[in-house]
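Any read-out appearing in this document is the output of simple, stated calculations on the displayed coordinates, not a laboratory observation. On a predicted model such as this, the values are computed, not experimentally measured, just so you know. Glycine gets a Cβ as well: all are built from the backbone with ideal geometry, and neighbour counts include every protein chain shown.
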Amino acid sequence: MSMVMRRRERHAPATGAPGGRPPYRPTHARFDRPAVAAAAAAVAVLAAAPFFLAPYATTTLTRMLIYALLAASLDLLVGITGLPSLGHAAYFGVGAYTAGWIAAHATPAAPAPLLAAAAAGAVAAAVGGWVAVRSAGVFFLILTLAIAEIIQQLAESWGPVTGGSNGMYGIPATLLAGEALTNVANLYWYVLACFLAGLVVLWSVSASPFGATLRGIRDNEPRMRALGYRPYRYKLAAFVAAGAVAGLAGGLLAAQQRLVTPADLGFTTSALALLAVVIGGTGTIWGPCLGAALVVLVRDSLGPGLGGHGPLVLGLVFIAVVYALPRGVAGLRRTRRSRHAPPDTGGAR
Amino acid sequence: VVDWLDIGVIAVLNGLAIGLLLFVVAVGLSLVFGMMDVLNLAHGALFLTGAYVAWAFAGDRPTWTSWLAALAVAAAAGAFAGGGLSLATEPLARRSHLDQALLTLGVALVAAELLSAAFGDDVRGVNPPPGLDGTVGVMGNAYPSYRLTLIGLGAVVALAMHLVIERTPLGALVRATVADRDMVAAAGIDARLVRAGVFVTGSVLATTAGVLGSPVFNARPGLDGTILILALVVVVIGGLGSVRGVLVAALLIGQIESTGRALLSDLASFLLFGALAIVLAVRPRGLFAGAIGGRT
């Protein structure tokens with residue numbers, strides 16, 4: 001880790017007093033005043049949104065937040081650890097099914113289904129990651145894809161628990177302090193609060209020394225190994241953390257839709273999450289959230305107008321993004337800023 | 001005991017048919033993957049295209065003419081698609097695996113949507129050509145003669161691939177490119193031609209396999225994903241760019257899919273995962289990696 005930091009430091013621009021070296025501030029953990037202001041403004045706008053939006057728009061915004069959390073958790077793998085997973089929706093779906101089952105058979109009282117969902121996401125990710133993280137490159141892509149497919153088949157065939165291909169329906173509404181969250185706006189605020197909590201977790205992981213180690217592994221794994229780190233353990237830990245947050249997002253999905261189907265953990269959902277990360281820009285956490293909002297907008301709002309061919313548009317967007325925007329929307333900002341700061345060597349390899 | 005044996009014989013034969021069909025699909029994927037380092041996620045869509053072509057031309061009342069026409073059209077479509085994919089991935093050659101996977105993923109999504117728009121969401125059944133639509137007795141069991149033909153055909157393709165790859169100058173070039181692409185380019189061979197050739201061959205094999213497999217699987221939405229996953233598992237278990245590895249892995253997966261499903265229907269998915277996990281724990285690069293090249 002220290003090597004990585006020192007390298008960054010050497011390239012850092014001399015913005016301090018002449019002759020003096022500026023104090024080390026990692027580019028990824030910076031509390032810029034504009035950044036803090038922008039985040040606060042975004043949270044304020046999001047919190048006030050139900051007052052201005054029609055109920056349908058609020059529902060769409062709720063879904064955007066859920067998928068944004070999924071995309072942000074995937075970014076911890078793709079952008080920060082350099083592990084491009086093609087099957088992240090599996091852990092999202094495991095969380096959704098767990099939350100639905102707990103709400104229906106144990107208690108729908110507020111934190112219980114979500115905590116169970118996050119725990120189940122973490123456990124599933126630990127099992128899947130145990131196999132997948134051993135591999136690298138193309139093998140990792142294939143393994144995550146195959147494991148997710150197997151989890152989806154399990155959801156389809158384990159009828160008594162998951163409801164088979166019809167899905168799990170009739171999930172009771174979440175109880176918050178004894179009151180059922182059936183109002184669109186109340187549900188939205190509940191999802192927003194959990195979304196922000198999940199985002200804070202991801203941001204803390206990313207900004208911690210652990211996150212710096214993950215970036216080190218992404219940028220130069222042999223060097224990290226030479227420094228005495230064990231990349232396997234760190235990658236597995238990142239995989240489990242991302243699985244837990246994805247499980248949390250899945251729990252929110254179960255609370256909102258009150259229906260979970262095998263499609264929620266299928267390949268298309270994984271592909272959409274990955275598309276959100278790639279559109280938004282890898283390694284930034286906030287970029288993928290914007291990407292997810294865009295993807296949900298295209299799929300749910302423009303999709304019906306296109307005769308149900310939303311995936312066609314998304315496929316074309318995929319192709320366009322790969323050629324035109326290799327670093328995503330966040331990359332645009334980064335290029336602008338690169339006059340002042342060294343560019344992150346980010347991106348999945 | 002006799003019942004179990006009967007189920008066993010049928011399941012093993014089915015597994016052989018599925019396995020050899022998987023071999024034809026996966027060998028193209030494996031070559032593209034091993035030689036070009038490109039993970040082609042549109043490979044399943046190619047198979048599904050072939051299956052729909054079979055339905056459009058042959059349908060449920062095929063003649064030999066319509067059946068052969070379906071094969072020819074599917075092969076032509078595969079060649080066209082392979083050339084297109086080769087051109088499309090060319091600019092991404094020096095980019096990450098993820099970018100190439102994303103591109104082919106986008107192509108796969110678009111292709112699946114177009115196919116569903118053109119052919120609807122119903123299951124489209126295809127019958128075998130006349131003369132092969134009956135059954136023959138195998139150890140006292142009635143078994144579809146088309147599947148036996150499929151086994152024979154698959155064995156011929158496997159043998160042909162083996163001979164071409166291992167015994168001809170062209171095969172030597174392919175193996176050399178898997179082992180060291182840059183050295184082949186340095187020896188004065190146009191890498192773009194090799195690349196396009198491999199892509200076209202792999203895609204033609206995939207669409208043809210789609211036609212051949214359509215009486216077994218039927219053309220339906222979602223089949224592209226199923227076949228892609230099976231082919232990817234075969235490639236991972238077999239090892240990069242190794243024809244022998246692909247054959248062994250395809251036969252193994254075929255048996256798991258068929259015999260495993262017949263004996264323990266719900267657990268077959270876990271068997272697939274278990275086989276993958278065990279192979280990767282023992283041989284992280286696949287069973288036959290290192291036979292020709294061992295690059296990631």
Estimated translational D of region A:155-259 in µm²/s (Stokes, Kirkwood radius over Cα pairs; 10 °C; 1.306 mPa s)
96
For the protein assembly as shown, calculated [θ]222 nm from helices alone, where every DSSP H run of n ≥ 4 adds -39500 (n - 2.57):
-23000 deg cm²/dmol
List the extent of the Cα atoms of region B:166-272 along each of their three principal axes, largest first, rounded to whole Å.
53, 25, 22
Taking amide hydrogens as modeled 1.01 Å from N in the peptide plane, which residues meet the under 5 Å criterion relative to residue A:109, leaving out close sequence neighbours?
A:175
Cα pair distances of region B:108-161 binned at 10 Å [whole percent]
20, 27, 29, 21, 3
Alpha carbon centroid spacing (whole Å) that separates region A:34-53 from region B:179-234
49
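Is region A:244-305 best put as rounded, prolate or oblate by its Cα gyration tensor, with a ≥ b ≥ c the root eigenvalues, rounded for a/c under 1.5, and otherwise prolate when a/b is larger than b/c, oblate when not? Walk me through the numbers on the way to the answer.
Values: a/c = 1.80, a/b = 1.20, b/c = 1.50.
Oblate shape, in that a/c is at least 1.5 and b/c is the bigger or equal ratio.
Which of A:157, A:206 comes first, and how do the rest follow, when ranked by fewest Cβ neighbours within 10 Å? Walk me through the numbers before you get to the answer.
On the way: A:157 16, A:206 24.
By the 10 Å Cβ count, ascending: A:157, A:206.
Mind giving me the FRET efficiency for residue A:47 and residue A:302? R0 is 30 Å, r the Cβ-Cβ distance, nearest 0.05 is fine. Before the final figure, lay out the partial values.
Numbers: r = 26 Å, r/R0 = 0.88.
It comes out at approximately 0.70.
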Using θ = phi - 60° and the Karplus relation 6.51 cos²θ - 1.76 cosθ + 1.60, list the HN-Hα couplings for region B:46-57 in order, rounded to whole Hz, with x at every Gly or Pro.
5, 4, 5, 4, x, 5, 5, 4, 4, 5, 5, 8
Any residue on another chain or 5+ positions along whose placed amide H is under 5 Å from the amide H of residue B:41 is listed here as B:104, B:105
Mind listing the phi-derived Karplus ³J(HN,Hα) values for region B:160-167, rounded to whole Hz, using 6.51, -1.76 and 1.60 with θ = phi - 60°, and x for any glycine or proline?
4, 4, 4, 5, 5, 6, 8, 10
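Taking every pair of distinct Cα atoms and averaging 1/r, then inverting, what Kirkwood hydrodynamic radius in Å comes out for chain B? Write out the running numbers ahead of the final one.
Values: mean 1/r = 0.0513 Å⁻¹.
Kirkwood hydrodynamic radius for chain B: 19.5 Å.
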What Kirkwood hydrodynamic radius do you get for region B:35-150 when you take the inverse of the mean 1/r over all pairs of distinct Cα atoms, in Å?
16.3
Whole angstrom only: what separates the Cα centroid of region A:262-297 from the Cα centroid of region A:215-252?
19
Residue order, fewest to most surrounding Cβ atoms within 10 angstrom, among A:219, A:264, B:122
B:122, A:219, A:264
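Sort A:143, B:92 so that the residue with the fewest other Cβ atoms within 10 Å of its own Cβ comes first and the one with the most comes last. Walk me through the numbers on the way to the answer.
On the way: A:143 27, B:92 19.
Ascending number of Cβ neighbours within 10 Å: B:92, A:143.
Can you give the Rg to Rh ratio for the protein assembly as shown, taking only C-alpha atoms and Rh from Kirkwood?
On the way: Rg = 25.6 Å, Rh = 25.9 Å.
Result: Rg/Rh = 0.99.
To two decimal places, what compactness ratio does region A:78-141 give when its Cα radius of gyration is scaled by 2.2 N^0.38 Å? Present the calculation step by step, with values, prior to reporting the outcome.
Numbers: Rg = 14.1 Å, N = 64, 2.2 N^0.38 = 10.7 Å.
Taking N as the residue count of region A:78-141, the ratio is 1.32.
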On full extension of the chain, what length is gained from residue A:130 through residue A:268, given 0.36 nm per residue of separation minus the C-alpha to C-alpha distance?
47.3 nm
